[in-house]
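Engineer: Got a structure here, written out as structure tokens. Questions coming.
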Amino acid sequence: MHLFSRKGTSSGGMRFVVIRDDSDVNVHQWSFSQGTVIAISLLSIILFASILFFTTEFLTQFLYQAKLREVREKNQSLVAVLTDLQTNLDLMQKDMAELEDKDKALRTYANLPLIDQDIRRVGVGGSAMNRTSNLETLVPDIDAKISDIEMNISELRRKVRLEKESYTAIYNTIKDNSQRLSSIPSIRPLEGGYLNTGLGYRNDPFSGEMRFHHGLDISSNKGMPVYA
């Protein structure tokens, strides 16, 4: 079969397309005007461009979705890390609450005023930071998780700083009072008797000057055993 075309010379610019087989038995001929040829060519170009466009769009979407799934799968490990971090922060908050209870006991022992609850609550709370990122699309609620962790870390850091200052004050107070505490007997030094004078300033019986008396004077009968 052979396909050939030729341009007519007496048909007003007509173009002929002839199809015949090798035996020359079946011969088909079509004639097209120049405008028709141009129109068919344009339609062919448009059809080819459309097929190319939709094919490219399909491949782009397919590759994008595949990449998106891969990123989401990888970010699941990030969510696990954040969850584990939040769990550890919760445990640290519990430990901090126990330290605060011990702080109250030590302050009572050192005769220091307790830290007011309003002071302990300073800086607690507030609004989460308003941020927008591409992670929100990849992993839902991840921005909220990160903001919560940041707030918890900030609160814990402030509590640690407050407790550090409190324990320093307790240590200094106990250190300053160590001499007074060491002079207080742990048991009653003798049976019976009565307290004559306690700690404080008084006239020295030997020099007559006002001096601080570091002890307790207990009066008792002669011959009473002294235990401490």
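Engineer: If you check Val226, Val160, which single one turns out to be of a type outside the set (D, E, K, R), modelled with pLDDT of 75 or more, over 15 Å from the mean Cα position of the chain (by Cα) and in the same structural domain as Lys74 (by TED's automatic domain parsing)?
Structural biologist: Val160
Engineer: Could you list, in sequence order, the residues of region 187-226 that are surrounded by 10 or more Cβ atoms within 10 Å (Cβ to Cβ), over 24 Å from Asn177 (Cα atoms) and among the hydroxyl-bearing types (Ser, Thr, Tyr)?
Structural biologist: Of everything in region 187-226, those that are surrounded by 10 or more Cβ atoms within 10 Å (Cβ to Cβ), over 24 Å from Asn177 (Cα atoms) and among the hydroxyl-bearing types (Ser, Thr, Tyr) turn out to be Ser219, Ser220.
The values are calculated or read from the model by the stated rules, or taken from the named source; none is laboratory data. These figures come from a predicted structure and were not determined experimentally. Because the Cβ atoms are built from the backbone with ideal geometry, glycine has one as well, and the counts that use them run over all protein chains shown.
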